[in-house]
Amino acid sequence: MKIGLDAMGGDFAPRVTVEGAHAALAHLSEQTTLVLFGDRAALAAADNYGLLDDPRVEVVHTTEVIAMGDHPVKAFAQKNDSSIAVGFRHLCGGEIAGFASAGSTGAMMVGCMQAVGQIEGVIRPAIATAFQTARGGEGLLLDVGLNADCKPEVLAQYGIFGSIYARTTLGIENPRVALLNIGEEAEKGNLLTKATYPLMAECGATGAYNFVGNVEGKHLLTGEVADVVVCDGFSGNTLLKTVEGFYHILQGKGVHVPFLEGLNYENVGGTPVLGINSTVIIGHGCSSALAITNMIRLTERAARTDMVSQFKRAFKH
């Protein structure tokens, strides 16, 4: 299996992408080949590890980079030889099984929507983030920023995304799916959550996923109530950034416990785009080498599952 990395993507590329890729090789399967998309000379100049000489590494030379300040749609169309555009062509052509980048999020989403395309029947894709729970397992939150405004039908579909991803990639059997709300009672919430609740309850009744009702924000990290928490992208992104900020405050005060490290974005690696026809992982623009390493590992982990095919089966009606 081959997975691709945008080696020019991120604030500190290619230095950290080369370092992160080198570290990732120790964790990848011997049968996995890592394909780096980027300027060969720039990658060679940053390679202090012998990465480019490793037989499990391939380099696809590209001459352009989509910068963070570029207009995503225009840049994706005009910079045909950019590391992101070339990476997506390889993904769509089946030459790689997954593609990851810490580069322009906008350009990555253009590639997801215009090149890869969303699965038929999906209203809106979502981006999700996994997190460590106090019980020692993993949980999933979605959407975390792709769709700030959502309709009830979209949130109900997120339950399907989250349930399949949690089962196939996180290894959670029969994951408990909940709706983020200001109270646990069915009648609580705003217009969106009140309209969403019966749709998710119907999905639970028909066996689409294991719906367990509303969950409050205080229960997110406990892992006691739910494994998958569904919300709109505005709420999810706000919650995610709050947790990240809390982590950094505790780090600054010298609090170091294993549970907190599960909240560090570097250890998560990136966010999968769910509801599209292939495996795409998006990382923070400020990703460190450690974050790049874990983004690559997550890409391999997700690509090895039958997640996308299960999405297609779930929406085939």
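The figures follow:
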item	result
Dipole moment magnitude, nearest 20 debye, the chain about Cα centre, only Lys, Arg, Asp, Glu C-beta charged	340
The range 39-89 and the range 177-223: distance between their alpha carbon centers, rounded to Å	42
Spin-label pair residue 206/residue 95, simplified geometry with 7 Å Cα→Cβ offset, distance in nm	4.1
Theoretical gain in end-to-end length, residue 44 to residue 186 [0.36 nm per residue, Cα-Cα removed]	45.4 nm
Once exposed loop trypsin sites (Lys or Arg not before Pro) are cut out (DSSP; at most 10 other Cβ, 10 Å), longest piece of the chain	1-252
Vicinal HN-Hα couplings computed from phi for the range 22-29 (Karplus, 6.51 cos²θ - 1.76 cosθ + 1.60; Hz; Gly/Pro x)	4, 5, 5, 4, 5, 9, 7, 4
Cα-based equivalent ellipsoid of the range 139-298: semi-axis lengths in Å, sorted from largest, via gyration tensor	27, 18, 14
With eigenvalues of the C-alpha gyration tensor scaled by 5 and rooted, the range 116-179, Å	21, 13, 11
Over the range 1-54: Kirkwood hydrodynamic radius from C-alpha pairwise inverse distances, Å	11.2
The range 105-117 - phi-based ³J(HN,Hα) in whole Hz, Karplus 6.51/-1.76/1.60, Gly and Pro as x	5, x, 5, 5, 6, 4, x, 4, 7, 8, 8, 6, x
Calculated FRET value between residue 316 and residue 1, using beta carbons and R₀ = 25 Å, to 0.05	0.50
Placed amide H near residue 210: partners under 5 Å, 5+ positions off or other chain	177
Net charge contributed by nearby residues that have their C-beta within less than 14 Å of residue 266 (K/R +1, D/E -1)	-3
For the range 232-293: rounded, prolate or oblate by the Cα gyration tensor [a/c cutoff 1.5]	oblate
For q = 0.21, 0.22, 0.28 Å⁻¹, Debye-computed log10 I/I(0) when each Cα of the range 180-238 counts as one equal scatterer	-0.84, -0.92, -1.34
Listed residue (152, 113, 270) projecting farthest to the positive dipole end of the chain, Cβ model	152
D (Stokes-Einstein, µm²/s), Kirkwood Cα radius, the chain, 0.890 mPa s at 25 °C	124
Estimated inter-spin distance, residue 56 and residue 306, nm [label 7 Å along Cα→Cβ]	2.6
Backbone N under 19 Å from the residue 151 label point (7 Å along Cα→Cβ), restricted to the range 71-110	none
Projected label distance in nm at residue 256 and residue 30, using a 7 Å step from Cα toward the beta-carbon	3.5
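Each value in this text was obtained by applying a stated rule to the coordinates, not by laboratory testing. Because the structure is predicted, anything quoted here is derived from the model rather than measured. Cβ atoms come from the backbone with ideal geometry, glycine included; neighbour counts cover every protein chain shown.
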